[in-house]
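See below for the structure under consideration.
The values are calculated or read from the model by the stated rules, or taken from the named source; none is laboratory data. The shown structure was predicted, so the numbers you read here are calculated from the model rather than taken from an experiment. Heads up, the Cβs are rebuilt from the backbone with ideal geometry, glycines too, and the neighbour counts pull from every protein chain shown. Ligands, DNA and RNA are excluded from the accessible area calculation, which covers all protein heavy atoms including side chains. Shrake-Rupley method; radii C 1.70, N 1.55, O 1.52, S 1.80 Å.
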Amino acid sequence: ATSIGSAGSIAYSTGTAYAFSAVGTTGQALVSGGSGAPTFFAPTAGSVVFAGTSGILQQDNASFFFDDSTNRLGLGTTSPAAQLSILGTSNALRLSYDVSNYASLSTASDGTLSLTSSNTSESQFVIGTGASVDDSIGFDGASVDYYAGLDHTSGYFTIGTGFTVGSSTLFAIDSTGNI
């Protein structure tokens, strides 16, 4: 080991002699090499650094990424399309008062948007284009479901009970304005 390191290097012990680390770059963190030489941690641009297993510095850009050029945060994406982009297999956002009282906002592959409460596994409020709600807004009541929307097969705007548009129409207007 040399007795004099380079400007910016860090002195450490090899167990038998003193040595010096490589020189890092401004803003990097020095990470212990365990029994080896310490190194400078250089995360990828956009990484949100966190303490991983055993407290080591880690990054997981595919799961948590900040795009500094657009000031957008991505969860499950490295290309956030909005100020906060959440992508995943369930595409769910959970808002909680505590562990047992929460609401989940999720999307389905057909673009249906659902709001579900911890009080039931069924959606209480749905905006969608899927088969169950056609082009409508649906509300899950205690014992009766309600919907309001455009039945794209008939061209009618309908309000009714049941969760599928047209299942039990209470009010309908056709494309010419007839009720």
The answer for F64, listing residues at least 5 apart or on another chain whose modeled amide H is closer than 5 Å to its amide H, is G76
Once phi is turned into ³J(HN,Hα) by the Karplus curve 6.51 cos²θ - 1.76 cosθ + 1.60 with θ = phi - 60°, what whole-Hz value does each residue of region 60-74 show in order, with x for glycine and proline? 9, 4, 5, 9, 8, 9, 10, 8, 5, 6, 10, 6, 10, 10, x
Be a star and scan region 54-95 for residues whose amide nitrogen sits under 16 Å from the point 7 Å along the Cα-to-Cβ vector of S118. 93-95
In square nanometres and to one decimal, what's the mean projected area of the convex hull around the Cα atoms of region 1-118? 10.9 nm²
Got a sec to turn the phi values of region 77-89 into Karplus ³J(HN,Hα) couplings, 6.51 cos²θ - 1.76 cosθ + 1.60 with θ = phi - 60°, whole Hz, x for Gly and Pro? 8, 9, 10, x, 8, 9, 3, 9, 10, 10, 10, x, 6
List the residues, sorted by chain then number, that are 5 or more residues from S168 or on another chain and whose placed amide H is less than 5 Å from its amide H. T161
Per residue value of the accessible surface for region 1-112 (all protein chains in place, 1.4 Å probe), Å²: 68 Å²
